[in-house]
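The values are calculated or read from the model by the stated rules, or taken from the named source; none is laboratory data. Everything numeric in this text was worked out from a predicted model, so none of it was measured. Backbone-built Cβ (ideal geometry, glycine too); neighbour counts: all protein chains shown. When the accessible area is computed, the model is the full protein with side chains, heavy atoms only, and any ligands, DNA or RNA have been set aside. Shrake-Rupley method; radii C 1.70, N 1.55, O 1.52, S 1.80 Å.
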There are 2 protein chains.
Amino acid sequence: MADEAAVRAQAEAVRRLKQDKADPDEIAKEVAKLLEMKAQLGGDEGKHKFVLKTPKGTRDYSPKQMAIRERVFNAIITCFKRHGAEVIDTPVFELKETLTGKYGEDSKLIYDLKDQGGELLSLRYDLTVPFARYLAMNKITSIKRYHIAKVYRRDNPAMTRGRYREFYQCDFDIAGQFDPMIPDAECLKIVHEILSDLQLGDFLIKVNDRRILDGMFAVCGVPDSKFRTICSSVDKLDKMPWEEVRSEMVGEKGLSPEVADHIGEYVQLHGGLDLIERLLQDPKLSQNKLAKEGLGDMKLLFEYLTLFGITGKISFDLSLARGLDYYTGVIFEAVLLQQENDHVEEPVSVGSVAGGGRYDGLVGMFDPKGRKVPCVGVSIGIERIFSILEQRVEASEEKIRTRETQVLVASAQKKLLEERLKLISELWDAGIKAEVLYKKNPKLLNQLQYCEETGIPLVAIVGEQELKDGVIKLRVVATREEVNVRRESLVEEIRMRTSRR
Amino acid sequence: MADEAAVRAQAEAVRRLKQDKADPDEIAKEVAKLLEMKAQLGGDEGKHKFVLKTPKGTRDYSPKQMAIRERVFNAIITCFKRHGAEVIDTPVFELKETLTGKYGEDSKLIYDLKDQGGELLSLRYDLTVPFARYLAMNKITSIKRYHIAKVYRRDNPAMTRGRYREFYQCDFDIAGQFDPMIPDAECLKIVHEILSDLQLGDFLIKVNDRRILDGMFAVCGVPDSKFRTICSSVDKLDKMPWEEVRSEMVGEKGLSPEVADHIGEYVQLHGGLDLIERLLQDPKLSQNKLAKEGLGDMKLLFEYLTLFGITGKISFDLSLARGLDYYTGVIFEAVLLQQENDHVEEPVSVGSVAGGGRYDGLVGMFDPKGRKVPCVGVSIGIERIFSILEQRVEASEEKIRTRETQVLVASAQKKLLEERLKLISELWDAGIKAEVLYKKNPKLLNQLQYCEETGIPLVAIVGEQELKDGVIKLRVVATREEVNVRRESLVEEIRMRTSRR
């Protein structure tokens, strides 16, 4: 009943017009509209109808989707733990002012809570700002932590491509004053490990530095006041050709064509250590303090990445800008590459699956004395990865088990419910994963069918004769093999047979 | 700066008065108040000050708290999986109307989102209503699932006792049309397993049935219209003595003293199969259809619980009412008992740690044709359990590891950062959990100290001589034992030494 909300909004509009003592004609017009909307909704206003849906841009996870989701989480958490990370959690909402002034233009996408008295609250927009608030609040100056949780953005959802209004972020961050580029290099190593591990296909990690971008804008002649807005034009280069970005710079943002062309020369560059060396010799860039610092650190970063053996998938790319305001140094973004084919010369990017960078000023924004804690971190684009893997599972018709049950406790004859319950209780108490059908007298065939459908490998069958003999019949679903096992050995036998799988 | 919110509220009040063209004197008075509040706030209004706190009734989880939390979750999830449960997830918010009319008086505790255009949303209040919505929406008529997620209630927080506005629920539910009381008995078995497993001390699971309560009210002469409100008075018996509850029934709710006394005779009863048998013979109750049904099922339940061997911790308790509107049959609640001592005759309950019951009508409220899916489920009070375990850890001074790192890659001399990075990269790629200090030339002592502090058991020390010899020095932190290990055997050696722990 999407219309009910519209009717309510219209009623509210009418109420406000009346309160504001607006022009009576205008009020009459809006009242007429309200009545028409109510009529469309149907006569049975009194009878409450439920809309059977989740809110726009959100979804439920079915058991099958949860199984895939947990696989992906496990791969990512294993990597984070391999790198010695701790884990924290923060509330789903923050004080509204905690989020204010951190996201630039995107602030309009923040979900606010209704003012029901007390504090003004907003749903978290990412995990980085709550992390910075956590550090400042607890005066923590050094930590390596991960945080996996849902964040909220009132964006236009594109759910088939994994873009939701409620979605998971998987963040790994290193906070603290350290020697340059060692934590930064570790973040890139982590992205490399996770994307390799998940076998999503070929990928490329683009790297740049906010200081190089700002230095480049300065030497090209961009006025200081336009750095941010020109930066956000550059950020569109992964989706638009240079010509369009150029005309946005010149047309909408009032840059002179010469300055734009100058930027154009730089932002089309990408490469490795060789390019860094070349730019360090660039007569203009090398004269800019910020650019020189950024290029020096970029060189150091590439040396460390060489030691990690991962430069093959890293590209220093001057067109990488990234949207968020809070970055201060290295920035990076990992994209999956389409499978190459004969018609396409260069592999085409199909979308970002991880991103991050250095944000040395954010914690200081929360500290009463402005004390800074340098931070660098990476966020894994889990929803996109999840979409890809889900589609792959659908395509492959792989059967995913959604429960871990080892054995079904069944009976061959009637009137054995009590015996089934006694046996399953013994198994549960011994730590065996077991199920029983909730029926007094189920048919053996139905019980076996249930195992086939749900992938339960073993059936422990209680029968009158077996009870007298002190044994249980154990059936292997896949092979239909049946053996009598002494009741006191049953747990051991089930453990042995299911650990071998 | 709690006052900033107050100033904002005051400014908004002034704005509204002006908009409503209120009495000019009143406006002037409120403006003066606003100016005074601003003055109190200090002159530097322009400079934004942050309030460094989490919203009222919420908290962050530190790495140490997360370690305890994950222990508890693991115990609970292991139990749910042992019983063959699948897992689902739903969004943190629902359409507002999905929650409407499900929680009776408690509806006022629901968090609403601000109307920013589009649908009206509310944060979920529990996991049961979203589960029912999920079943109806996907036309699922049979499922056994668990769901662990945060829910939201604008309640008065009592955080030391584990009562928060944002808190976890751990729900296990069985939906489907089955033979009576088998799933209900399994839910109680699960509570028994989890509370035993977590070793929280002695506990008692109280059981009752809404039909027995309603039947009892009927035979005592409570008017139909007062069933719900009298039920909620009975619900207070775990916190108030009978005398107070009685005077609430008679004074506030207008019950006649005779009817109240009659109820009083029943609600002070508790026991086991014997009590059920006695009530089945009760001349009045046995004549009431609902009560008879409820007592019959209660008897069956106790028979199954006897087979599970858990009746020792179960008490059929006529004073158990439970607050929520949607229960239709069996209800239950587990409480921890204080350690007995000589001065107290009966163990005293210190609080509920699990609860649940049967709700056969809830899914039907969402189905367009009102088709019912019978459900029974249990919710584990994880926050309370977590508080108890956290206090226990604090008291015991047990050292909790918050990361899993097996080895620190260290160096004894300067200028070995590159070698450290090369070695740690090899270890990461082999799946070893390893850390390195982010310093070019750290002192060996500092590196060893880091291991002591964080509980890392091994140090792999890179040295110039060792590099020439093709070995790494492996040091056991606890014993200070050092051995040279050939580089190609290092991974195997670390695995062996850390799996033995």
| query | Within segment A:365-393, can you find the residues that are on the phi < 0 side of the Ramachandran plot, small (Gly, Ala, Ser) and at pLDDT below 95? | reply | A:Gly381, A:Ser387
| How many residues, within segment B:111-154, are at positive phi and either open to solvent by less than 20 Å² (accessible area, probe 1.4 Å) or facing another protein chain (nearest Cβ under 7 Å) (or both)? | 1
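Condition check ((1) more than 21 Å from B:Arg403 (Cβ to Cβ); (2) touching a Gly at 6+ places or on another chain (Cβ under 7 Å); (3) surrounded by fewer than 12 Cβ atoms within 10 Å (Cβ to Cβ)) across all residues:
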site: B:Ser425; (1), (2), (3): no, yes, no
site: B:Glu435; (1), (2), (3): no, yes, no
site: B:Glu452; (1), (2), (3): no, no, yes
site: B:Asp469; (1), (2), (3): yes, no, no
site: B:Lys473; (1), (2), (3): yes, yes, no
site: B:Val476; (1), (2), (3): no, no, no
site: B:Asn484; (1), (2), (3): yes, no, no
site: B:Leu490; (1), (2), (3): no, no, no
site: B:Arg495; (1), (2), (3): no, no, no
| note | Within segment A:228-241, residues among the basic types (Lys, Arg) and not in a helix (DSSP H, G or I) come out as A:Lys239
| Residue list for segment A:106-123, filter: closer than 23 Å to A:Gly361 by Cα, of a type outside the set (A, V, I, L, M, F, W, C) and in contact with an Asp or Glu (Cβ under 9 Å, 6 or more places away or on another chain) | A:Asp106, A:Ser122
| query | Name the pairs: first residue in segment B:50-79 and farther than 16 Å from B:Val151 by Cα, second residue of a type in the set (S, T, N, Q), Cβ to Cβ under 6 Å, at least 6 apart or on different chains? | reply | B:Pro63/B:Thr402; B:Lys64/B:Thr402; B:Ala67/B:Thr402
| query | Considering only residues of segment A:75-110 that are modelled with pLDDT of 95 or more and more than 11 Å from chain B (Cβ to nearest Cβ), which is most open to solvent (accessible area, probe 1.4 Å)? | reply | A:Ala75
| Sole exception among (1) open to solvent by less than 10 Å² (accessible area, probe 1.4 Å); (2) in contact (Cβ under 8 Å) with a residue 60 or more places away in the chain; (3) of a type outside the set (S, T, N, Q) for A:Leu198, by number | (1)
| note | Going through segment A:204-227 in order, the residues found to be surrounded by 20 or more Cβ atoms within 10 Å (Cβ to Cβ), of a type outside the set (S, T, N, Q) and not in a helix (DSSP H, G or I) are A:Ile205, A:Lys206, A:Val207, A:Asp209, A:Val222
| Considering residues of segment A:163-176 that are facing another protein chain (nearest Cβ under 10 Å) and in contact with a Ser or Thr (Cβ under 7 Å, 6 or more places away or on another chain) only, the residue farthest from B:Phe93 (Cα to Cα) | A:Gly176
| task | Could you name every one of the helices (runs of 4 or more DSSP H) located completely within segment A:60-167 that has at least 2 residues being aromatic (Phe, Trp, Tyr) and in contact with a Phe, Trp or Tyr (Cβ under 9 Å, 6 or more places away or on another chain)? | result | A:63-82
| Of the numbered conditions (1) open to solvent by 30 Å² or more (accessible area, probe 1.4 Å); (2) assigned to a helix (DSSP H, G or I); (3) at pLDDT 95 or above, B:Gln177 satisfies every one except a single condition; which is it? | (2)
| Which of (1) over 34 Å from the mean Cα position of the chain (by Cα); (2) within 13 Å of chain B (Cβ to nearest Cβ); (3) closer than 30 Å to A:Arg69 by Cβ; (4) open to solvent by 60 Å² or more (accessible area, probe 1.4 Å) does A:Glu404 not meet, given it meets every other one? | (1)
| field | Candidates A:Lys372, A:Lys415 - the one that is away from chain B (no Cβ under 12 Å), free of Cβ contacts under 8 Å to residues at least 60 places away in the same chain and closer than 22 Å to B:Thr306 by Cα | value | A:Lys415
